[in-house]
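Here the structure is laid out as structure tokens; the discussion comes afterwards.
The values are calculated or read from the model by the stated rules, or taken from the named source; none is laboratory data. Keep in mind the model is a prediction, meaning the values are calculated, not measured. Here the Cβ is made from the backbone with ideal geometry for all residues, glycine too, and neighbour counts use every protein chain on show.
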Amino acid sequence: MNSDTNADTIKSHDVRTGTANQTPQYTGTETHFIRIPTNINILVILVFINSLLLGIRNSGCLENGWLYSNFSFYFISSLKKTLNESKSYCMERGADLIIINDREEQDFAKKVSRGNEFWIGLTDSDEEGRWKWVDGSTLTSGFWGSGEPNGQRGENCVVSYPSGWYDYPCNDAFRWICDNKIF
């Protein structure tokens, strides 16, 4: 196509008609597609997720033992496992051991555990006395029981009791709570 030819002109030769450089003729029978903006698709998905979460929020419970609260799904175990086994259980399900950063979450965990002790995702295994959560963040404030943490007998992992947190050997077996945050 040379530069002074109209963009609608086709530079070719039709063997059947013997014509060249035909301008396409529009018959009005073309099909036009309307492309729905991606934003509308996202809005529809968000409305669906919101209605799903409202349904869960009303009941609080899910079929497979998970509980929904404050934009997180929680699994409260009834079995006892070591910290690493508990952590693996959570990770296989896209979650991690619970991280407790405030009084509200501490009270929630205490309530849903029904008075049972449970592992939380806090350890000083890497460096004695430097407590880190499973997500790598450093403990800023805690809910330690009286005289805790005391670091006796290689106690590098944390169990939450109704009376507070206590450090324990990571190979002891306790219940656990998984936390899968939505946002």
Next item on the list: Identify the single condition in (1) of a type in the set (A, V, I, L, M); (2) under 17 Å from Phe183 (Cα atoms); (3) assigned to a loop (DSSP other than H, G, I, E, B) that Leu79 does not satisfy, given that it satisfies every other one.
Entry: (2)
Check: Restricting the search to segment 139-165, which residues are within 21 Å of Ser77 (Cα to Cα) and without any contact (Cβ under 8 Å) to a residue 24 or more places away in the chain?
Finding: Ser163, Gly164
Next item on the list: Please state which of the following conditions Glu85 fails to meet, knowing it meets all the rest: (1) part of a helix (DSSP H, G or I); (2) of a type outside the set (Val, Ile, Thr); (3) within 22 Å of Phe183 (Cβ to Cβ).
Entry: (3)
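Going by the structure shown, is Phe71 touching a helix residue (DSSP H, G or I) at 6+ places or on another chain (Cβ under 9 Å), of a type outside the set (Ser, Thr, Tyr), farther than 27 Å from Asn150 by Cα and surrounded by fewer than 17 Cβ atoms within 10 Å (Cβ to Cβ)?
yes
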Notebook entry, point to check: Can you name every residue in segment 110-124 that is surrounded by 13 or more Cβ atoms within 10 Å (Cβ to Cβ) and either at pLDDT below 95 or in a loop (DSSP other than H, G, I, E, B) (or both)?
Noted result: Lys110, Val112, Ser113, Asn116, Glu117, Asp124
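Does Ser160 fit the bill of being in a strand (DSSP E or B) and among the polar types (S, T, N, Q)?
In short, yes.
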Notebook entry, point to check: Scanning segment 146-160 for residues that are crowded, with 17+ Cβ neighbours inside 10 Å and not β-branched (Val, Ile, Thr), which turns out nearest to Asp102 (Cα to Cα)?
Noted result: Ser160
Check: Taking Ala173 and the conditions (1) of a type outside the set (Val, Ile, Thr); (2) over 21 Å from Leu79 (Cβ atoms); (3) touching a helix residue (DSSP H, G or I) at 6+ places or on another chain (Cβ under 9 Å), which numbered condition does it fall short on, given that it satisfies the others?
Finding: (2)
Checklist line | Filter result for the condition that a residue is modelled with pLDDT under 85 and at positive phi, over Gly60, Gly55, Gly94 | finding: Gly60
Next item on the list: Could you tell me which residue of segment 137-183 is nearest to Ala95 (Cα to Cα), considering only residues that are touching a Phe, Trp or Tyr at 6+ places or on another chain (Cβ under 8 Å) and acidic (Asp, Glu)?
Entry: Asp179
